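The values are calculated or read from the model by the stated rules, or taken from the named source; none is laboratory data. Since the structure is predicted, the reported quantities are computational estimates derived from the model, not experimental observations. Each accessible area value is taken on the protein alone, full model and side chains, heavy atoms only, with ligands, DNA and RNA left out. Shrake-Rupley method; radii C 1.70, N 1.55, O 1.52, S 1.80 Å.
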Amino acid sequence: MLTELRSRIAHRLGLPQEEVFAGQPLSAVLAASPSAINSIDLLDAFAGALADIGVEDDVELPTMTLHHTAEDVLAALGKQLAPLSS
């Protein structure tokens, strides 16, 4: 499920997965994205990816700053999604 989520997030941001999940802060991902203009667009990419895989009602987006990484967000989502995968 997390593999598909990674793919959907990267697609929505218009970037390769390697760039989104390279360990750089979300602010750098935002700056590199051709489709995300502000942090709301970044939030929308994560929320939309959750909707794409049909789990938007099962998880809450974590509160994080632009200093966190996409991997930090994915890890927090993964903790919420773990019970659904069992």
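In deg cm²/dmol and to the nearest 500, what is the mean residue ellipticity at 222 nm of the chain if only DSSP H runs of at least 4 residues count, each as -39500 (n - 2.57), divided by the residue total?
Using -39500 (n - 2.57) per qualifying helix, the result is -18500 deg cm²/dmol.
Which percent of the accessible area of the chain is formed by carbon and sulfur heavy atoms (probe 1.4 angstrom)?
52 percent
Between S7 and D58, what length in nm is gained on full extension when 0.36 nm per residue of separation is reduced by their alpha carbon distance?
Result: 16.4 nm gained on full extension.
Using just the C-alpha positions of the chain as equal point scatterers, what log10 of I(q)/I(0) does the Debye formula give at each q in 0.21, 0.26 1/Å?
The Debye formula, applied to the Cα set alone, gives -0.94, -1.46.
Whole-Hz ³J(HN,Hα) for each residue in segment 57-69, computed from phi via Karplus 6.51 cos²θ - 1.76 cosθ + 1.60 with θ = phi - 60°, x for glycine and proline: what do you get?
Rounded to whole hertz, the list is 8, 9, 9, 10, 5, x, 7, 9, 9, 6, 7, 6, 9.
Give the accessible surface of the chain per residue, rounded to a whole number of Å², with probe radius 1.4 Å and ligands, DNA and RNA excluded.
That works out to 56 Å² for each residue.
Search the structure for amide H atoms under 5 Å from the amide H of L61, placed 1.01 Å from N in the peptide plane, and list their residues when 5 or more places away or on another chain.
HN-HN under 5 Å from L61: empty list.
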